[in-house]
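**Student:** Handing you a structure now.
Please treat every number below as a calculation from the coordinates, not as lab data. Quantities reported herein were computed from a predicted structural model and do not represent experimental measurements. Heads up, the Cβs are rebuilt from the backbone with ideal geometry, glycines too, and the neighbour counts pull from every protein chain shown.
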Amino acid sequence: MLSYRVTKFGQPLEAATAADPVPKGTEVLLKVTGCGVCHSDLHLWDGYFDLGGGKKLPVGGEDRLPMTMGHEPAGEVVALGPDAKGVKLGDRRVMFPWIGCGTCAFCKAGDEQLCNKPQALGITRPGGYADRIMVPHSRYLLDYEGVPTDLACTLACSGLTAFGALKKIGKLGDGQPLLIVGAGGVGMAGVRLAKLVTGVAPIVADIDDKKLSAASQAGASETINTTAPDAVKRLLGMTGGVVAAIDFVGSESSFQFGQASLRKGGKLVVVGLFGGSFTMPIPMLPFRNITLTGSYVGSLSEMQELMAHAKAGHVQPIPLTRRPLADVNQVLQELKAGKIVGRVVLTP
């Protein structure tokens, strides 16, 4: 098998070859047919998340390297462990990557993505920046018949993350505007899914006019460039304040824009992991009656629900670009520089 691995944080991924792994027990080996490139991979590549004020949250020490990233893989079953059931050779499947320990309270409640001992593909287990990937059990494999591979694999993170965040908003009605901050890969998925989940087309804010143009084409009701000095004033004048905002960036400036855009009783859902910190006068929370909450990817049941929507034709693709796996380092650099519109899918 061929894989591209992080061997030193912040340095180019290195190609490595090894014998194909042999599945044991319930394991299933798949030939990777596509793997989306997620912005969070930049943090895994750097080796830390930015907590603001010069503080960093390490993703682990050098002892966890080499590491094969890639948590949006789709593939074809090529080998089965002796106890594997539910799939057969040749089946094409998308992988739910947010695997937990299986025994903790989160896992037993169906929220494996919140497990404190995660076994996530591309994060703690080898991921999809390779031509082979091992999955511990067939329950994490989803049939995507009728859905293009490039779209199907992005549902495992960008689609699921957007879906999970939008479900925390729920249904909205006339006069209840929704704001999406950030029109990157996950934000664009949010634009595509917003009307399906909430019933309203979102207002989209970003710093990049090209991304705002793409958001308009994807169904945004209005767009706002947040670099304009009167951006918040314009939004408040347009809406009187939004009922809900989802921050798909997670930076200090995107957070501040999102919370400043809320009307009384509004909710801000923070998804992005760009980094930083925020401060807010505590009395303003009760005075404004606002809710601040986080949202981390989604559950296996939500992934199954999302895939059912996709197979029914309810999920329109975000802008997708197919690139060879060998371009992985160039793609990561382009993503870091903010040059990617939509999602890049790497293909071995």
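**Student:** How much net charge surrounds S301 when only other residues with a Cβ under 14 Å from its Cβ are counted (Lys, Arg +1; Asp, Glu -1)?
**Tutor:** -1
**Student:** Next question. Can you compute the FRET efficiency between L42 and A19 using 1/(1 + (r/R0)^6), with r the Cβ-Cβ distance and R0 = 22 Å? Round to the nearest 0.05.
**Tutor:** Computed FRET efficiency for L42 and A19 comes out at 0.15.
**Student:** Could I ask something else about it? Out of all DSSP beta bridges in the chain, what portion is antiparallel? Express it as a percent rounded to 5.
**Tutor:** Bridges in the chain that DSSP calls antiparallel: roughly 50 percent.
**Student:** Also: Can you work out the Karplus-derived ³J(HN,Hα) for every residue in the range 330-347? Use 6.51 cos²θ - 1.76 cosθ + 1.60 with θ = phi - 60°, whole Hz, and x for glycine or proline.
**Tutor:** After applying 6.51 cos²θ - 1.76 cosθ + 1.60, I find 5, 4, 4, 5, 5, 5, 5, 7, x, 8, 8, 9, x, 9, 9, 10, 8, 10 Hz.
**Student:** Need one number: nm distance between label points at K168 and A105, each 7 Å from Cα along Cα→Cβ, rounded to one decimal.
**Tutor:** 1.9
**Student:** Give me the net charge of K311's neighbourhood, meaning all other residues with Cβ under 14 Å from the Cβ of K311; Lys, Arg count +1, Asp, Glu -1.
**Tutor:** Counting the neighbours of K311, the net charge comes to -1.
**Student:** Taking neighbour counts of Cβ atoms within 10 Å as a proxy for exposure, in what order, fewest first, do I99, I318, I282 appear?
**Tutor:** Going from sparsest to densest Cβ surroundings: I282, I99, I318.
**Student:** Suppose the chain between K85 and M284 were pulled fully straight at 0.36 nm per residue; how much longer would it get relative to their current alpha carbon spacing?
**Tutor:** Here the segment from K85 to M284 would lengthen by 66.2 nm.
**Student:** Which residues make up the longest stretch of the chain that has no chymotrypsin sites (Phe, Trp or Tyr not before Pro) in a DSSP loop with at most 14 other Cβ atoms within 10 Å?
**Tutor:** 1-277
**Student:** Shifting gears a bit: Would you mind calculating the relative contact order of the range 169-294 from Cα pairs under 8 angstrom and at least 6 residues apart, reporting the percent as a whole number?
**Tutor:** It rounds to 22 percent for the range 169-294.
**Student:** Before rounding to the nearest 500, sum -39500 (n - 2.57) across all DSSP H runs of length at least 4 in the chain and divide by the residue total; then give [θ] at 222 nm in deg cm²/dmol.
**Tutor:** Here the helix-only value at 222 nm equals -7500 deg cm²/dmol.
**Student:** If you average the alpha carbon positions of the range 147-212 and of the range 5-76, how far apart do those two centres end up, in angstrom?
**Tutor:** 25
**Student:** Could you work out the relative contact order of the chain? I mean the mean sequence separation of Cα pairs under 8 Å and 6+ apart, divided by the number of residues, in percent.
**Tutor:** Answer for the chain is 19 percent.
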